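The values are calculated or read from the model by the stated rules, or taken from the named source; none is laboratory data. Worth saying up front: this structure is predicted, and the values here are computed from it rather than measured. Cβ placement follows ideal geometry from the backbone for every residue including glycine, while neighbour counts extend to all protein chains displayed. With ligands, DNA and RNA removed, areas are computed over all heavy atoms of the protein, side chains included. Shrake-Rupley method; radii C 1.70, N 1.55, O 1.52, S 1.80 Å.
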Amino acid sequence: MLRPTARLLLPFLALAAACQPAADKTPAVAGTTINADVVPAEAIAAIDTATLMNNIRVLAADSLMGRQPGSAGEDKTVAYLEGQFKAMGLKPGNTDGTYIQKVPLVGITVKNAPTLTFAKGATTKQLKWRTDYVAWTKHVAPSASLDKSELVFVGYGTEAPEYKWDDYKGVDVAGKTLVMLVNDPPLADTTQFGGNRMTYYGRWTYKYEQGMKHKAAGVLLVHQTERAGYPFAVVQGKTAEQFDLVTPDKNMSRASVEGWISLDQAKALFTMAGQNFDSLQAKAATPAFTPVPLGVTASVKLDNTLRTIDSRNVVAKLEGSDAALKDEYVVYTAHWDHFGVGEKVNGDSIYNGAADNASGTAGLLAMAKAYVAMKTPPKRSILFLSVTAEEQGLLGSQYYAVTPIYPLAKTVANINMDVLDTWGPTSDLTVIGLGNSELDDYASAAAAEQKRTLRPDAEPEKGFYYRSDHFNFAKQGVPAFDPEPGITFIGKPADYGKQKRDEYTAKDYHQPQDEIKPTWDMTGAVQDLDLFLTMGYRVANASKFPEWRAGNEFRAAREKQLKP
Ligand SMILES: [Zn+2]
């Protein structure tokens, strides 16, 4: 693989839009100054495909049983990561002298596979567990139920003042069960709701948060593959144990029952209510929409098995070399967890999570190895944070972001690694949320030195910026970078990248089949890791903190955070 040699540039790079390679879509802000220090060659040399594959093999092995939080698989994974950091000579990342940040979680499993009953007068309809619907409760209690709870269709369930959008129109839906559509309303006016990019209003997590806000008894989302961005099989995975952070109110302020119904069942429900799903869905995509009582009730009782565990974030630190700046941090993150042992698919029940996210975790170890190899560390300190329970709702990173070991006001940037490129070298890198912050300028400069370009998210409608651990840093205001593999593969047909992505989403994503493939080629991942190393190194040496772009949804939180 060609290592970038054109690193004879000046330490500081004044960004003149003209020097950007034509294909680069980064909305560079002329005059932005970023650091352009040359990364020590010994660090670049420390990143190699063999070590990367070795770590992936260990983490994705059946013996780690799919790395479920709270399992023996967690113990083995955490021990391995801690052992690797220690062997590299990295310092414990927690101020208590350990490499561990405990993350108190509660695990809730619905044990009775209950039937959900819709009733209208004497007419009833039974929905089969897992086949027709899935549900869970976040209530830390032995059971949760809906008892003849009135169903109300609330469209997208969104309140977005900046778009003058309110799906509730002041209607009181407390104690009711809300039937909601996922994603954002598909509007012709692309200035609304981010155009074809999913906004946070479109995320399923936002929908359940709305249920809580409106004191609903239940929330049932209608699953539509295109709109959700993944097949119903992924939703069915939520019938396994669900974790949540332990909260003071034991999550009693959330709706009792949260879940999804299949599209077919939703259509049947609307027919039962004397309504038409398609026409109401169309109405929901208009600002005039008002909630529609369906005249049907829902009843279900979830019996739970509860357990509380201390899962673990693993954290190591490389102390900065500048006395004045070493109490400022660049944080690399990658989640170590996956789905453990679950429903059998094609005879396999171990969810190895080789790409998701043994690859990213191996990437984190590669970053650590590279920084340790430097004769002189960068000025600021570097944290290597492998978080738990990402698959359970970004819980490990949420816990860190809410109870940080190091002040977030001193946290300069986050670079997240969730699924590395396993399909070979590319001439581009995908940046989820391209345009969000000045970190793009660092990425763009480093990519240019590799004769590569940045590319925006190929599927902005899927809301990927809200779907991994960097989002919790961003929510708190820390500029957070979320890269994904490029889509233009060198020496491959133009549609190769899309074809591989679609294959992965359909066959491997959150399935036991996410295993190491003999065809894997990690040279592309090494190229990307070089870029992430260059970004972090330069940000750690930079004279100023990278910022969110003007008007970005996270900028206000940062300004508040940095206020003296
Ligand atoms: Zn992941």
Which FRET efficiency, nearest 0.05, do Val171 and Lys344 yield, Cβ-Cβ r, R0 60 Å?
0.85
Solvent-accessible surface ranking, highest first, for Arg197, Arg254 at 1.4 angstrom
Arg197, Arg254
For the chain, take the longest principal axis of its alpha carbons; what is the angle in degrees between that and the long axis of helix 49-59, to the nearest 10 within 0 to 90?
40
What does the convex hull of the alpha-carbon atoms of the chain project to on average, in nm²?
25.3
Over the heavy atoms of Leu325, what accessible area does a 1.4 Å probe trace out, to the nearest 10 Å²?
40
Would you please give the FRET efficiency between Ser253 and Leu562, computed as 1/(1 + (r/R0)^6) with r the Cβ-Cβ distance and R0 = 30 Å, to the nearest 0.05?
0.45
With axes computed from alpha carbons, what is the tilt in degrees of helix 263-272 against the longest principal axis of the chain, rounded to the nearest 10 within 0 to 90?
30
Residue by residue through the stretch 514-531, the couplings from Karplus 6.51 cos²θ - 1.76 cosθ + 1.60 with θ = phi - 60°, in Hz, x for Gly and Pro, are 6, 10, 4, 9, x, 7, 4, 10, 8, 5, x, 4, 4, 4, 5, 5, 4, 5
Stretch gain in nm, segment Asp96-Ala506, where the contour uses 0.36 nm per residue and the Cα spacing is subtracted:
143.3 nm
Amide H of Gly463 versus every other amide H placed in the peptide plane: which residues, excluding those fewer than 5 positions away on the same chain, fall under 5 Å?
Met198
Ordered by residue, what ³J(HN,Hα) values in Hz, to whole numbers, does the stretch 120-131 give under the Karplus form 6.51 cos²θ - 1.76 cosθ + 1.60, where θ = phi - 60° and Gly and Pro are x?
9, x, 8, 7, 10, 9, 9, 9, 7, 4, 6, 7
Could you give me the ³J(HN,Hα) list for the stretch 338-352, computed from phi with Karplus coefficients 6.51, -1.76, 1.60 and θ = phi - 60°, whole Hz, x at Gly and Pro?
8, 8, x, 9, x, 3, 6, 10, 6, x, 10, 10, 8, 8, 5
Relative contact order [Cα under 8 Å, 6+ residues apart], the stretch 108-306, whole percent
41
Skipping prolines and chain starts, which residues have an amide H placed within reach, meaning under 5 Å, of the one on Leu454, given they are 5 or more residues away or on another chain?
Lys25, Thr26, Leu429
May I ask for the net charge around Ala458, where only other residues with Cβ less than 11 Å from the Cβ of Ala458 are counted and Lys, Arg are +1 while Asp, Glu are -1?
-2
Residue-averaged [θ]222 nm for the chain, counting only DSSP H segments that reach four residues, each worth -39500 (n - 2.57)
-7500 deg cm²/dmol
Can you tell me which of 399-409, 382-392, 65-75, 41-51 comes out highest on packing, and rank the rest after it, using the mean Cβ neighbours within 10 Å?
382-392, 65-75, 399-409, 41-51
Roughly how tilted is helix 204-213, in degrees to the nearest 10 and between 0 and 90, from the longest Cα axis of the chain?
60
